[in-house]
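Chemist: One structure coming up, written as structure tokens, with questions to follow.
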């Protein structure tokens with residue numbers, strides 16, 4: 001049986017996701033410089049740390065509320081993935097080989113710990 005929305009049994013699963021996601025979003029907002037290729041801080045291992053943070057927050061909200069309407073937040077995941085692909089095409093055009101080399105070591109939404117794997 002699943003825990004009731006807002007119950008204490010849902011909190012251990014939801015709180016770390018909400019906290020990690022929120023921290024990653026704010027760290028990204030602080031670290032990313034518009035118009036520049038940022039490859040340090042949260043971008044050292046993730047090409048889109050802000051979106052990864054959003055995904056974690058969305059998942060945390062679903063776990064915390066355990067409500068069908070909360071699942072609607074997950075509809076934003078494919079939309080953000082599409083935006084990320086467009087941003088990457090733009091970055092590859094603007095920064096060329098430098099961006100491609102960075103993309104080879106930093107995962108799109110999940111950290112890459114070994115070279116060449118996403």
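Chemist: Against the definition (free of Cβ contacts under 8 Å to residues at least 40 places away in the same chain, farther than 21 Å from residue 21 by Cα, loosely packed, with under 13 Cβ neighbours inside 10 Å and under 16 Å from the mean Cα position of the chain (by Cα)), how does residue 100 come out, yes or no?
Modeler: Spelling it out, it is not the case that residue 100 is free of Cβ contacts under 8 Å to residues at least 40 places away in the same chain, farther than 21 Å from residue 21 by Cα, loosely packed, with under 13 Cβ neighbours inside 10 Å and under 16 Å from the mean Cα position of the chain (by Cα).
Chemist: Just one of (1) surrounded by fewer than 15 Cβ atoms within 10 Å (Cβ to Cβ); (2) free of Cβ contacts under 8 Å to residues at least 60 places away in the same chain; (3) in a helix (DSSP H, G or I) trips up residue 34, so point out which.
Modeler: Residue 34 satisfies all of (1) surrounded by fewer than 15 Cβ atoms within 10 Å (Cβ to Cβ); (2) free of Cβ contacts under 8 Å to residues at least 60 places away in the same chain; (3) in a helix (DSSP H, G or I) except (3).
Chemist: Surrounded by 14 or more Cβ atoms within 10 Å (Cβ to Cβ), in a loop (DSSP other than H, G, I, E, B) and at pLDDT 85 or above - does that describe any residue in the stretch 7-20?
Modeler: The answer is no, given that none of the residues of the stretch 7-20 is surrounded by 14 or more Cβ atoms within 10 Å (Cβ to Cβ), in a loop (DSSP other than H, G, I, E, B) and at pLDDT 85 or above.
Chemist: Looking at the stretch 48-87 only, could you name the residues that are surrounded by 13 or more Cβ atoms within 10 Å (Cβ to Cβ), on the phi < 0 side of the Ramachandran plot and in a loop (DSSP other than H, G, I, E, B)?
Modeler: Of everything in the stretch 48-87, just one residue is surrounded by 13 or more Cβ atoms within 10 Å (Cβ to Cβ), on the phi < 0 side of the Ramachandran plot and in a loop (DSSP other than H, G, I, E, B), namely 48.
The values are calculated or read from the model by the stated rules, or taken from the named source; none is laboratory data. Here the structure is a predicted model, which is why all the values come from computation and not from measurement. Note that each Cβ is placed from the backbone with ideal geometry, even for glycine, and that neighbours are counted across all protein chains shown.
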